[in-house]
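Reading through the structure tokens given below for one structure.
The values are calculated or read from the model by the stated rules, or taken from the named source; none is laboratory data. Everything numeric here is computed off the predicted structure, so don't read it as measured data. Note that each Cβ is placed from the backbone with ideal geometry, even for glycine, and that neighbours are counted across all protein chains shown.
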Amino acid sequence: MKKQSNLSRLLGIAGRHKYLTCASWVLSAISALIALLPYYYIWLVMREVLETMPDFSRAENLTHNAWMAVMFAVIAVLVYISALMCSHIGAFRIATNLRLQIMEHILKLPLGFAESFGSGKLRKIVNESSAATETYLAHQLPDKANAIATPCGLLVFLLVFDWRLGLLSLVPVFMGFVIMMAMTGSQMQQKMKEYQNALEDMSNEAVEYVRGIPVVKTFGQTIFSFRKFKDSISRYETWVIAYTKQLRAPMMAYTAAINGVFALLIAGALIFTRDGVTSEFLLDLLLYIIITPIISVTLTRIMFQSENSMIVDDALRRIDSVLELSPLEEASRPSHPMDSSVELKNVFFSYDGENDVLKNISLTIPAGQTVAFVGPSGGGKTTLANLIARFFDARSGTVKVGGVNVKNIPKEELMNTVSFVFQNSRLIKASVLDNVRMGKPDATREDIMEALEYAQCGDIIEKLPNGVDTIIGAKGVYLSGGEQQRIAIARVMLKNTPIIILDEATAFADPDNEARVQTAFSNLSKGKTVIMIAHRLSTVAGVDKIYVVKDGEIAESGGYRELIERGGVFGKMWKNYQTSVQWKVSREA
């Protein structure tokens, strides 16, 4: 099957606006041809000057020809502006449709996709790759039509007035074209891909570095503690310098070739006028000297068009890297949870399809119970919780919510059944009211205020200049980690789902905030099925059951006292935890 060209694909996305895009090419080509007409009238002006000098009173058409040159120059500009107006309307529509297509597909992907793919990389694809198509269609394709039409018109000009000078003018064109093809061939396409990869890698690592700034400031570290970010900058630097040096010689040769037309014209003129110079030859030579700079400009535009085509090709490849990802399966006959129970049976999961991070997990959480996942870091606790919320699908085995396989529950219904409180909850730059309302868009102001009260947010609201209508992040209004957690809890309270997952939700809370957060949790958990992921073992003392997750497996499970007395993995963890809590810094008097 023949692969669809990038242009055909983009025009297909444009819908009815593709006719405006095509019209822009025609108008741009017409503009290029009209732009050559002023040179003809300038030639007429120069001819009349040479014929009538020194008695210029005999020149009858100077003013007319001069105004004709001005008129056609203005018409060319107006036609080109019309071409750009058409191309921009079509390009904006295509870029919009392309972004919508990407975002609609992302919504169908697993919820954990953005984290595993890289948020910086994803943002660059959605914003910059789609913007590359807009620039290509709005500016570069009309310019390409213009650049193709210009040499066609120039060819007539160069050969009609004096074919000898015309052929001389084409020599640097041929030389420049050969050098340009050498620079913009398949090797250039590979280099463009490497360049975009380096930029994408640096963008992704920059996002992760910015997110880690609180850790840098807390522990007084430098950028070198974020080795991956520094290495991405170093790789980009090395690549750019090497590539620049590689292109230095051919670019110098290209520039010399396309700007060497004057030297050839002068040398040719000296040869052609060995037997004497005529006014007609001098007039033609002056015209060629005036018009030949268009050649260098046109060739340079064509060269950049080749590069821009590669940029668009690479941009669409990156967009396809998202569009080709398999979305979550949608059941043809959706089922509905019967209660808030959770069950996993023989579950295996791998992020890369090869190395399992969860191995043969089986557990049952009755409706209304509170359980905790504990264990060493990297053991698979958060991954296990992510499968319940269907951030990812298990490689094998079944995950059930309310007795129904999560794959058979409609996505919206699952999101209204399971809610998450992350260890680092994020708030958007909006009012406190709007941040909480995200949990239930149709909630009234009274509902939101009630949720804030149950989430122990009263002290936060009181200190804000405009109360719940204060914009977070504006005019120096910022909240601590613990305060953000309480706002996030209010959002979950407003959503009021029967199953709640708390992922290290007190990790960034100070002692005072932790007490308030714990009170908020107590209010939030009433009558719910709660799954806690905890490092602070003191927070799991009152749960119904504890699952110890180690190396992707359930190492042991049971009640708090039962596990301590058993002296297994949890018993050792508890002993180490108690030692760390009781540890004090002392110094000799």
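Considering region 435-462, the residues that are among the β-branched types (Val, Ile, Thr) and farther than 21 Å from ASN416 by Cβ include one that is surrounded by the most Cβ atoms within 10 Å (Cβ to Cβ), namely ILE460. Is it the case that LEU11 is among the aliphatic types (A, V, I, L, M), closer than 22 Å to ARG99 by Cα and in contact with a Cys (Cβ under 6 Å, 6 or more places away or on another chain)? The answer is no for LEU11. I need every pair where a residue in region 122-142 that is assigned by TED's automatic domain parsing to the domain that holds ARG301 has its Cβ under 7 Å from the Cβ of a residue that is at pLDDT 80 or above and among the aromatic types (Phe, Trp, Tyr), sequence separation at least 6 or different chains. Going by the 7 Å Cβ cut-off, the qualifying pairs are GLU134/PHE92; LEU141/TRP25; PRO142/TRP25. For residues in region 108-123 being charged (D, E, K, R) and modelled with pLDDT of 75 or more, which is nearest to the chain's Cα centre (by Cα)? Step by step, filter region 108-123, then rank; the result is ARG123. Whether a residue is at pLDDT below 90 and either assigned to a strand (DSSP E or B) or in contact with a Gly (Cβ under 7 Å, 6 or more places away or on another chain) (or both) was assessed, and PHE348 does not pass this test. Selection of region 517-544 for residues being assigned to a helix (DSSP H, G or I), in contact (Cβ under 8 Å) with a residue 60 or more places away in the chain and within 38 Å of the chain's Cα centre (by Cα) yields VAL517, ALA520, LEU524, SER525. Among the residues of region 55-89, those identified as of a type in the set (Gly, Ala, Ser) and modelled with pLDDT under 85 are SER57, ALA59. From the set of residues in region 244-258 that are crowded, with 16+ Cβ neighbours inside 10 Å and not small (Gly, Ala, Ser), which is modelled with the highest pLDDT? Per the stated criteria, the residue is TYR254.
Just one of the listed residues (LYS407, LYS440) is touching a residue at least 12 places away in the same chain (Cβ under 8 Å) and either closer than 25 Å to ALA534 by Cα or in a helix (DSSP H, G or I) (or both), namely LYS407.
Checking each residue in region 399-440 for being touching a helix residue (DSSP H, G or I) at 6+ places or on another chain (Cβ under 7 Å) and at pLDDT below 85 picks out VAL421, SER425, LEU427, ILE428. Entry remark, region 545-573: residues being buried (at least 19 other Cβ atoms within 10 Å of the Cβ), part of a helix (DSSP H, G or I) and of a type in the set (D, E, K, R) number 0 in total.
Residue by residue, here is whether (1) out of contact with any Asp or Glu (no Cβ under 7 Å at 6 or more places or on another chain); (2) modelled with pLDDT under 85; (3) in a strand (DSSP E or B) holds:
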site: SER326; (1), (2), (3): yes, yes, no
site: ASP339; (1), (2), (3): yes, no, no
site: LEU384; (1), (2), (3): yes, no, no
site: GLY397; (1), (2), (3): yes, no, yes
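Here is a yes/no grid of residues against (1) of a type outside the set (Val, Ile, Thr); (2) part of a helix (DSSP H, G or I); (3) modelled with pLDDT under 85; (4) in contact with a strand residue (DSSP E or B) (Cβ under 9 Å, 6 or more places away or on another chain):
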site	(1), (2), (3), (4)
GLN456	yes, no, yes, no
ALA474	yes, no, yes, no
VAL477	no, no, yes, yes
GLU483	yes, yes, yes, no
ARG486	yes, yes, yes, no
ILE489	no, yes, yes, yes
THR497	no, no, no, yes
ILE501	no, no, no, yes
ALA505	yes, no, yes, yes
